[in-house]
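Trainee: Before anything else, here's the structure in question.
The values are calculated or read from the model by the stated rules, or taken from the named source; none is laboratory data. As the structure is a computational prediction, the values presented were derived from the model and not from experiment. Cβ: placed from backbone, ideal geometry, glycine included. Neighbour counts: every protein chain shown.
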Amino acid sequence: MFDKSGDLACCAGCTGSGPTELIARRRLLKAAVFGPSDGPGRARAADWAAPPHGRAMYPGGVLTGAVVDASPHILAIRRADREERLTMMPSTKAWRGGQVDPTALRAGDRVVVRLDPSRRGVAERVWANISRVTGVIVERDRASIVVDVGKMRGRRVVVIPRRAESRIQVRFPRLEPGYLIDVIGLRHGGIIEGLIPATSQPAYGADQVPRPPQTLGPALDRIGGSATWHEPASEPDDVEGVAYPLLDPETGCAEEPSRGLGCVRMPYLSVGSLLKVRNECTGGSRVLPVTGCAAVARLFCDRCVTCGTSPRGRVADLALASFVALGGDLECGCFNATITVGR
């Protein structure tokens with residue numbers, strides 16, 4: 001999981017960052033999702049599963065943008081080159097570092113909105129300026145923690161305010177280099193104010209991850225565990241997809257399989273493969289393309305307890321919009337999931 005420079009290696013880096021590589025990657029993903037259904041080893045996403053909850057107004061029933069104005073009844077947000085106006089009901093919930101009245105949203109706040117599936121143009125949940133840092137602690141001083149979150153996302157700086165210290169340190173007692181951290185909080189420019197522990201800290205260091213059980217038999221195509229979320233590194237907030245914990249090393253990605261197999265037995269996949277992700281808490285499911293690797297997810301052998309207790313290990317790291325579309329609440333950090341590998 002670490003390259004020679006000591007940074008987390010991530011398979012998404014194998015696609016490159018130049019215009020040519022990005023175009024090639026987008027064409028690959030488009031072919032994977034919309035290609036002929038009779039292609040070898042592929043199935044059209046539309047044929048595999050219907051859109052969940054009947055949402056058709058926007059992809060996944062999710063909107064992202066910047067707040068223009070928030071009144072007791074209307075939320076206006078700027079999306080790309082147009083403004084959207086959404087109705088806010090008494091039941092609409094908002095999060096901005098904690099549960100707040102929707103009128104507490106401020107102009108310029110970066111928001112993720114889940115639409116009410118039964119009422120057109122109605123906001124069901126709103127998250128403002130939410131951010132997440134998941135990775136390995138590389139530096140710490142009195143004021144901040146520097147976290148390596150992978151090749152594509154680089155390093156992030158987390159500041160834990162006094163009011164959140166006890167809550168986080170109960171779950172993450174070892175905030176020192178070499179140990180894992182996963183916190184949710186508010187974004188302030190390039191700094192993340194850590195407010196909520198997304199999980200409990202594993203007792204082992206990042207270079208001591210348990211290996212999956214040695215079992216015989218065919219590769220699994222249905223795997224249970226937890227699904228988490230991440231912010232897109234260099235794409236719009238509403239981009240959909242899933243980062244998968246175990247990409248095929250033959251793709252040339254900078255992985256070290258002997259150190260990073262993780263604790264879940266999973267088949268190797270490639271960028272562009274299709275995964276059906278089911279939220280076991282809501283029953284909703286979506287077919288999503290694999291858009292990169294979840295190098296950090298392999299380091300966590302934890303369980304999600306959003307509804308009951310999931311099997312150990314993280315099996316999918318969803319793009320923020322896909323997580324919300326599947327019914328996940330961002331401040332909870334995970335949901336109990338089953339993934340099905342497309343054939």
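Trainee: Working only within the stretch 229-238, note down all residues that are closer than 16 Å to Arg153 by Cα and either in a loop (DSSP other than H, G, I, E, B) or in contact with a Phe, Trp or Tyr (Cβ under 8 Å, 6 or more places away or on another chain) (or both). Lay out the reasoning, then the answer.
Mentor: Going residue by residue through the stretch 229-238, those that are closer than 16 Å to Arg153 by Cα are 229-237.
The answer is Trp229, Glu231, Pro232, Ala233, Ser234, Glu235, Pro236, Asp237.
Trainee: For the stretch 233-255: of the residues being in contact with a Pro (Cβ under 9 Å, 6 or more places away or on another chain) and modelled with pLDDT under 75, which is farthest from Ala294 (Cα to Cα)?
Mentor: Pro249
Trainee: Let me ask something else. Return yes or no: is Tyr268 at pLDDT 75 or above, of a type in the set (Phe, Trp, Tyr) and under 24 Å from Asp182 (Cα atoms)? Walk me through it before giving the result.
Mentor: Numbers: at pLDDT 75 or above: yes; of a type in the set (Phe, Trp, Tyr): yes; under 24 Å from Asp182 (Cα atoms): no.
Judged against the criteria, Tyr268 is not a match.
Trainee: Tell me, which residue of the stretch 171-199 that is in a strand (DSSP E or B) and touching a Phe, Trp or Tyr at 6+ places or on another chain (Cβ under 8 Å) is surrounded by the fewest Cβ atoms within 10 Å (Cβ to Cβ)?
Mentor: Applying the first criterion (in a strand (DSSP E or B)) to the stretch 171-199 yields 180-188, 191-197.
Subsequent filtering for residues that are touching a Phe, Trp or Tyr at 6+ places or on another chain (Cβ under 8 Å) retains 180-183, 197.
Working: Leu180: 23, Ile181: 28, Asp182: 28, Val183: 26, Pro197: 19.
If we take residues in the stretch 171-199 being in a strand (DSSP E or B) and touching a Phe, Trp or Tyr at 6+ places or on another chain (Cβ under 8 Å), then Pro197 is surrounded by the fewest Cβ atoms within 10 Å (Cβ to Cβ).
Trainee: Which residue pairs have Cβ atoms closer than 9 Å, lie 6 or more positions apart in sequence or on different chains, and pair a first residue in the stretch 154-165 that is within 11 Å of Glu139 (Cα to Cα) with a second residue that is among the acidic types (Asp, Glu)?
Mentor: From residues that are within 11 Å of Glu139 (Cα to Cα), the pairs are Arg155/Asp7; Arg155/Glu139; Arg155/Asp148; Arg156/Asp148; Val158/Glu193.
Trainee: For the stretch 186-211, which residues satisfy the criterion of being within 20 Å of the chain's Cα centre (by Cα) and farther than 20 Å from Ser234 by Cα?
Mentor: Glu193, Gly194, Leu195, Ile196, Pro197, Ala198, Thr199, Ser200, Gln201, Pro202, Ala206
Trainee: Looking at Arg259, is it modelled with pLDDT under 95, under 23 Å from Val305 (Cα atoms) and surrounded by fewer than 18 Cβ atoms within 10 Å (Cβ to Cβ)? Break it down stepwise before answering.
Mentor: Numbers: modelled with pLDDT under 95: yes; under 23 Å from Val305 (Cα atoms): no; surrounded by fewer than 18 Cβ atoms within 10 Å (Cβ to Cβ): yes.
Considered against the rule, which asks whether it is modelled with pLDDT under 95, under 23 Å from Val305 (Cα atoms) and surrounded by fewer than 18 Cβ atoms within 10 Å (Cβ to Cβ), Arg259 comes out as no.
Trainee: Considering only the stretch 116-126, state which residues are surrounded by fewer than 23 Cβ atoms within 10 Å (Cβ to Cβ) and part of a strand (DSSP E or B). Before you say what the answer is, go through the steps one by one.
Mentor: So in the stretch 116-126, the residues surrounded by fewer than 23 Cβ atoms within 10 Å (Cβ to Cβ) come out as 116-122, 124-125.
Listed by number, the residues that qualify are Val122, Glu124, Arg125.
Trainee: Free of Cβ contacts under 8 Å to residues at least 40 places away in the same chain, more than 24 Å from Pro236 (Cβ to Cβ) and surrounded by fewer than 22 Cβ atoms within 10 Å (Cβ to Cβ): is that true of Cys307 in this structure?
Mentor: It is true that Cys307 is free of Cβ contacts under 8 Å to residues at least 40 places away in the same chain, more than 24 Å from Pro236 (Cβ to Cβ) and surrounded by fewer than 22 Cβ atoms within 10 Å (Cβ to Cβ).
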